[in-house]
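*Asks:* Attaching a single structure in structure tokens format; questions to follow.
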Amino acid sequence: MKEIKKDFPVLVNNPDIVYLDSACTSLKPMQVIEAEMEYYKKFGACAGRSSHRLGRETNQRLDECREKVAKFVNAEKDGLIWTRNATEGLNIVANGFDFSKRKKVVTSIVEHHSVLLPLIKLRDQGKIKLDVVGCDKEGNVDFSKIDRETALVVTNSWNNILGTGRKINEIAKLAHDNGALICVDGAQGVPHHKTDFKNLDFLCFSGHKMLAPTGIGALVCKTDHLAKLKPLMTGGGAVKTVELNKVVELPTQERFEAGIQHYAGIFGFASACEYLNKIGMEEVEKHEATLAKAFYEELKSAGAMIYGPDSPQNHSALYSFGFKNAKAHDIALMLDREKIAVRSGFFCAQPAMEVIGAGDGATRVSGYIYNTPEDAKRFGEILKKINVLYS
Amino acid sequence: MVLCIIAFFVFAVMSIFSAKYRPLAKEGLKCVFKTITFRPCDTGLDDRIKARLVSELLKFSPGAAKVLNKHFVIFSWLFVLLTFGSLAYSIYGFYNFYVYGNCDGPDSVNGCVLNDITGDYGRFSEPKDLIVPTNYDGLTEGNPNGTLKIIEFGCFTCPYTKKAEDTVQGLLQEYDGQIYYVFKPFPLPNHNNSFEAARAVLCARDQGKMWEFRKEVFKQQDVCRTDGTLAIKELAQNAQLDMDKFNKCYDNNETDAELGKYVQQGKDAHIYATPTFFVNDKPVVGPKTLDQFRCEIEKKDSLVKEIGCLLGQWWG
């Protein structure tokens, strides 16, 4: 894994920077950047509209990209909708889902704002009945509130503040047993863990957190559900025929992809999946388990308070932490002075932060494939010095 | 946080020279506005300043960094108050300089840094820059063949030249017979009516009453500075000068050519403050006591005297 660093131009150009903010966005390898450039250099045309050679080639390549990204999560390509990011996918599901028969939606408090906000909006409009399940200080959530009235369960697979995962297949089974569907926010799960869509109904994830360019993501649906889902917007490329009195929408996922798509981003997204596949997601998981242990040890020896479970077991390489009487931003800024990039604040999950006891915010360290235990060590050394200020 | 107020001023000035500081100046302005309206600064600029200062200090002294981090607000207030205090004091200095010609007020005998940076004569600022004049033209007194030759460049409306006058009189008495004293008028443009006073003294010299008149000018220096020609002519009358001759000389600028010559000699000598003395070619800048001059004149006589002078300078 050490050799991987040289694939990342940001790390090559800034060899003294330790980037530990991958939960916010990951760095991009040269292979992905080149794939994105390839569209502009070799293709450059519209897909699905123009019958000329370049148009046909673009269309074919995009089809291959759709297949690669879908396969990455073991899904059918016909169920994959290109989105801008996971947030857009979650909004499509929330706003396009048929709540005419059942109105209840179950989610948890330990969710990203992108999960909570569309649902809160629908609840305030009276379109759904929202049940937000609480959690204990370690972030454990009890989904037993899923019942026969539940239409949809929305949950993350791995969360962005505690670095812990959920038994998604069990939650999915509980939902299905009650006749509900499950929508998974895979923004933090898909980039770091082998993800199987087989037992799920909807899965949303962002490209930029998994080495792909910004502005591209995917919503994966079971094709049955796709047909019932209403698009968030419509326009060119989303319809079969248009008469002033009658519009016939396309039956396929293109119905959700009105307007010209982010082709270069899609090329990059597929390339990112290829890159991760080449390493192997099992290897990624193994590497991150090592990183999780290294971060944990450094945090403990620096005297930091870790929010959530106090153990590196079943933990991704992500921890929210703090020091007593220290402002989260101060810690992040002081780490930045030593060229260590971490994030601080509420991580777009303010209700969850309140519940886990980090109401004033926290500092978050998050690693990825390009990080090494040496990075964790350097992070720990600086953290120990900072702790002197608050001890 | 109050530190933003200083940050804003610093970045605003830096913005004039480099565009990269403009966003920081804008952030500073926002923060200042929030601070003076008693709202928390939400730009993050204050946090970044704190982090930077604490991190830098942490490298050298973790203990000091800890204290700074813990009491940053107090230190910020202290720093801001000191900055504004020194700013107010500087403005007061500029005001004094504008009104009295020196930054410490009308009665001060201390040197003023502003003298060095204003006026036509401020290009040099170190005694080592001075060049010994090549002639003894000027208002002279004493024995031209004496062993002690002192040249003074002075301004009649300069409080420091006035301050040195007692010393000059003391030197003339103490070293009578050995001293040859030459005064070269060097009117500074930042002192009011300095040219008028110099012109008048030269006119009085033409009537053989230079010393009497010069004494009066120094005595009434404040009035000369404020009332100019009116006061000078009154002094001339009191000194019993022939007023017809004096008026002719003064009103027709008859001594200006001579005065211009002395000014040029002063510029050539790189004079940057008055009074400046050359004691046997050795420059002495500013008003000094008789003892200090004695040391300058006699210290070469023995090591004991030299050490005594050094101690005296250190003490005084």
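Here, each number is a calculation from the coordinates, and none is a lab measurement. Quantities reported herein were computed from a predicted structural model and do not represent experimental measurements. Backbone-built Cβ (ideal geometry, glycine too); neighbour counts: all protein chains shown.
*Asks:* With both bridge residues required to lie in the protein assembly as shown, what share of the DSSP beta bridges run antiparallel, to the nearest 5%? List each step's numbers first, then the result.
*Replies:* Numbers: 37 of 64 bridges.
About 60 percent, rounded to the nearest 5.
*Asks:* Classify the stretch A:164-279: rounded, prolate or oblate, from the alpha-carbon gyration tensor (a ≥ b ≥ c, eigenvalue square roots; a/c under 1.5 rounded; otherwise prolate if a/b is larger than b/c)?
*Replies:* It comes out oblate by the Cα gyration axes.
*Asks:* Would you list which lysines come within 19 Å of A:K385, measuring only between C-alpha atoms, while excluding same-chain residues fewer than 8 positions from it?
*Replies:* Cross-link targets: A:K300, A:K324, A:K327, A:K339, A:K377, B:K50, B:K59, B:K66, B:K70.
*Asks:* What does the charge dipole of the stretch A:171-328 about its Cα centre add up to, to the nearest 20 debye, if the Cβ of each Lys and Arg holds +1 and the Cβ of each Asp and Glu holds -1?
*Replies:* The dipole of the stretch A:171-328 has a size of about 260 debye.
*Asks:* How much of the calculated P(r) for chain A lies past 29 Å, in percent of all Cα pairs?
*Replies:* Considering chain A, 44 percent of its Cα-Cα pairs are separated by more than 29 Å.
*Asks:* Run the reach check for B:K233 against aspartates and glutamates, Cα to Cα strictly under 12 Å, same-chain hits fewer than 8 apart removed. What comes back?
*Replies:* B:E196, B:E216, B:D242, B:D244, B:D251
*Asks:* Further question: State whether the stretch A:117-233 is rounded, prolate or oblate according to the following rule on the C-alpha gyration tensor (a ≥ b ≥ c being the square roots of its eigenvalues): a/c under 1.5 gives rounded; otherwise a/b larger than b/c gives prolate, and the remaining case gives oblate.
*Replies:* rounded
*Asks:* In whole Å, how far is the Cα centre of the stretch A:264-291 from that of the stretch B:30-65?
*Replies:* 40 Å
*Asks:* Do me a favour and compute the ellipsoid semi-axes for chain B from its Cα gyration tensor, root of five times each eigenvalue, largest one first, whole Å.
*Replies:* Over the Cα atoms of chain B, the semi-axes work out to 51, 26, 16 Å.
*Asks:* What helices does chain B have that are whole DSSP H segments, at least 30 Å long along their own axis by Cα, and with mean Kyte-Doolittle hydropathy of 0.5 or more?
*Replies:* Numbers: long enough: B:72-100 (41 Å, 1.40).
Sorted by number, the helices that extend far enough and score high enough are B:72-100.
*Asks:* In the stretch A:83-141, if every C-alpha pair distance is counted and binned at 10 Å from zero, what percent goes to each bin?
*Replies:* Spelled out per bin, shortest first, that is 22, 51, 24, 2.
*Asks:* Express the relative contact order of chain B as a whole percentage, based on alpha carbon pairs under 8 Å and six or more residues apart in sequence.
*Replies:* Normalised by residue count, the contact order of chain B is 16 percent.
*Asks:* Taking a spot 7 Å from the Cα of A:D224 along the direction of its beta carbon, which residues of the stretch A:161-175 have an amide N less than 16 Å from it?
*Replies:* Only A:172-175 pass the distance filter.
*Asks:* Picking from A:I386, A:T25, B:F38, whose Cα lies most toward the positive end of the charge dipole for the protein assembly as shown (charges on Cβ: Lys, Arg +1; Asp, Glu -1)?
*Replies:* Final value for the positive-end residue is A:T25.
*Asks:* Right, here's the next one. Along each of the three principal axes of the Cα atoms of the stretch B:127-315, give the extent in whole Å, ordering the values from largest to smallest.
*Replies:* 56, 31, 31
*Asks:* Continuing with this model, one more query. Between B:N135 and A:V248, what is the label-to-label distance in nm when each label sits 7 Å out along the Cα-to-Cβ direction?
*Replies:* About 11.3 nm, to one decimal.
*Asks:* Also, quick follow-up: Projected area of the protein assembly as shown, taken from the Cα convex hull and averaged over every viewing direction, in nm²?
*Replies:* It is 48.5 nm².
*Asks:* How far is the Cα center of the stretch A:95-147 from the Cα center of the stretch B:263-291, in Å?
*Replies:* 88 Å
*Asks:* Follow-up. Students often forget the sequence filter, so: which aspartates and glutamates lie under 18 Å Cα-Cα from B:K267 once same-chain residues fewer than 8 apart are removed?
*Replies:* Within the straight-line cut-off, B:K267 pairs with B:D116, B:D120, B:E126, B:D129, B:D137, B:E152, B:D256, B:E258, B:D281.
*Asks:* Starting from 0 in steps of 10 Å, tell me what percent of the Cα-Cα pairs of the stretch B:1-51 lands in each bin.
*Replies:* With a bin width of 10 Å, the distribution comes to 32, 54, 14, 0.
*Asks:* Does anyone have the angle between helix A:168-177 and the longest principal axis of chain A? Alpha-carbon axes, 0 to 90°, nearest 10?
*Replies:* Approximately 40 degrees, to the nearest ten.
*Asks:* Can I ask one more? What percentage of all Cα-Cα pairs in the stretch A:280-388 are separated by more than 25 Å?
*Replies:* On the way: 930 of 5886 pairs.
Pairs farther apart than 25 Å: 16 percent.
*Asks:* Next up: Across every pair of different alpha-carbon atoms, what Kirkwood hydrodynamic radius in Å does the stretch B:3-100 reach? Show your work: numbers first, answer last.
*Replies:* Working: mean 1/r = 0.0664 Å⁻¹.
By the Kirkwood definition, the hydrodynamic radius is 15.1 Å.
*Asks:* Next up: What does DSSP give for chain A in terms of the percent of beta bridges that are antiparallel, rounded to the nearest 5?
*Replies:* Values: 25 of 45 bridges.
Roughly 55 percent of the DSSP beta bridges within chain A come out antiparallel.
*Asks:* Something else about it: Taking only Cα atoms, what is the 0 to 90° angle, nearest 10, from helix A:53-72's long axis to the longest principal axis of chain A?
*Replies:* That works out to roughly 50 degrees.
*Asks:* Please compute the contact order of the stretch A:142-272 in relative form: average sequence separation of alpha-carbon pairs under 8 Å and at least six residues apart, divided by the residue count, as a percent. Mind dumping the intermediate values first?
*Replies:* Working: 206 pairs, mean separation 23.3, N = 131.
Taking the mean separation of contacting Cα pairs over the length of the stretch A:142-272, I get 18 percent.
*Asks:* Which of the three applies to the stretch A:192-254, rounded, prolate or oblate, going by the alpha-carbon gyration tensor with a ≥ b ≥ c and a/c under 1.5 meaning rounded?
*Replies:* oblate
*Asks:* Looking at the stretch B:190-290, which chymotrypsin sites (Phe, Trp or Tyr not before Pro) are DSSP coil and have at most 11 other C-beta atoms within 10 Å of their C-beta?
*Replies:* Nothing satisfies the criteria.
*Asks:* Shifting gears a bit: Loop only per DSSP, at most 16 neighbouring Cβ atoms within 10 Å: give me the chymotrypsin sites (Phe, Trp or Tyr not before Pro) in the stretch B:1-93, ordered by residue number.
*Replies:* For chymotrypsin sites (Phe, Trp or Tyr not before Pro) across the stretch B:1-93 that sit outside H, G, I, E and B with at most 16 neighbouring Cβ atoms in 10 Å, the list reads B:F38.
*Asks:* Something else: Along the charge dipole of the stretch B:127-315, which of B:N238, B:G177, B:A269 sits closest to the positive end, that is, farthest toward it, with unit charges on the beta carbon of Lys, Arg, Asp and Glu (+1, +1, -1, -1)?
*Replies:* Most positive-ward Cα: B:A269.
*Asks:* Can you give me the long-range amide H partners of A:K104? Hydrogens built in the peptide plane at 1.01 Å from N, cutoff under 5 Å, separation of 5 or more residues or another chain.
*Replies:* A:K129, A:A151
*Asks:* Any chance you could give the angle, 0 to 90 degrees and rounded to 10, that helix A:281-301 forms with the longest Cα principal axis of chain A?
*Replies:* For helix A:281-301, the angle is close to 30 degrees.
*Asks:* Counting helices only, and only those DSSP H runs with n ≥ 4, report the 222 nm mean residue ellipticity of chain A as the sum of -39,500 (n - 2.57) divided by its residues, in deg cm²/dmol to the nearest 500.
*Replies:* Rounded to the nearest 500, it is -11500 deg cm²/dmol.
*Asks:* Do any of A:K173/A:K198; A:K137/A:K194; A:K127/A:K240; B:K163/B:K219; A:K103/A:K173 go past 21 Å between their Cα atoms, and which?
*Replies:* Going by Cα-Cα distance, A:K137/A:K194; A:K127/A:K240 fall outside the 21 Å limit.
*Asks:* For chain A, what does the relative contact order come out to in percent, with C-alpha contacts under 8 Å and a separation of six or more?
*Replies:* Once normalised by length, the contact order is 23 percent.
*Asks:* Can you give the translational diffusion coefficient of the stretch A:309-362 in µm²/s, computed by Stokes-Einstein from the Kirkwood radius over Cα pairs at 25 °C and 0.890 mPa s? Display every interim value, and only then the final one.
*Replies:* Numbers: Rh = 12.1 Å.
Reported coefficient: 202 µm²/s.
*Asks:* A further question follows. Extent of the stretch A:215-347 along each principal axis, from alpha carbon coordinates, in Å, largest to smallest?
*Replies:* Projected onto the principal axes, the Cα atoms of the stretch A:215-347 cover 68, 34, 27 Å.
*Asks:* What FRET efficiency do you get for B:D176 and B:D222 if R0 is 41 Å and r is their Cβ-Cβ distance, rounded to the nearest 0.05? Walk me through the numbers on the way to the answer.
*Replies:* Details: r = 31 Å, r/R0 = 0.76.
Using R0 = 41 Å, I get an efficiency of 0.85.
*Asks:* Right, here's the next one. Counting partner chain Cβ atoms within 10 Å of every residue's Cβ in B:46-54, what's the average? It would help to have the intermediate numbers written out before the result.
*Replies:* Numbers: counts 0, 6, 5, 1, 5, 11, 4, 1, 6.
Mean shielding count: 4.
*Asks:* What value, in deg cm²/dmol to 500, does the helix sum -39500 (n - 2.57) over DSSP H runs of n ≥ 4 give at 222 nm once divided by the residues of chain B?
*Replies:* -19000 deg cm²/dmol
*Asks:* Nearest 5 is fine: what % of DSSP beta bridges in the stretch A:123-279 come out antiparallel, could you say?
*Replies:* The antiparallel proportion sits near 60 percent.
*Asks:* Gap in Å between the Cα centre of the stretch B:148-205 and the Cα centre of the stretch A:306-362?
*Replies:* Rounded to whole Å, the Cα centres lie 74 Å apart.
*Asks:* Right, next: Based on Cβ point charges of +1 for Lys and Arg and -1 for Asp and Glu, what charge dipole magnitude is obtained for the stretch B:213-301 about its Cα centre, in debye rounded to the nearest 20?
*Replies:* Computed charge dipole of the stretch B:213-301: roughly 280 debye.
*Asks:* Taking the Cα centre as origin and putting +1 on Lys and Arg beta-carbons and -1 on Asp and Glu beta-carbons, what dipole magnitude results for the stretch A:174-239, to the nearest 20 debye?
*Replies:* 140 debye
*Asks:* Please identify every one of the trypsin sites (Lys or Arg not before Pro) in the stretch A:65-164 that sits in a loop by DSSP and has no more than 13 other beta carbons within 10 Å of its own beta carbon.
*Replies:* Taking the stretch A:65-164 and a limit of 13 other Cβ atoms within 10 Å, the loop trypsin sites (Lys or Arg not before Pro) found are A:K101, A:K137, A:R148.
*Asks:* Among B:V73, A:L11, A:L130, which residue has its Cα positioned farthest towards the positive end of the charge dipole of the protein assembly as shown, with +1 placed on the Cβ of Lys and Arg, -1 on the Cβ of Asp and Glu, and the dipole taken about the Cα centre?
*Replies:* Projecting each Cα onto the dipole axis, the largest value belongs to A:L130.
*Asks:* Over 18 Å between Cα atoms: which of A:K28/A:K209; A:K6/A:K42; A:K5/A:K278 fall into that group?
*Replies:* From the list (A:K28/A:K209; A:K6/A:K42; A:K5/A:K278), the Cα-Cα distance tops 18 Å for A:K6/A:K42.
*Asks:* What nm value, rounded to one decimal, do you get for the distance between B:T83 and A:K339 when each label is placed 7 Å out toward the C-beta?
*Replies:* The modelled label-to-label distance comes out at 3.0 nm.
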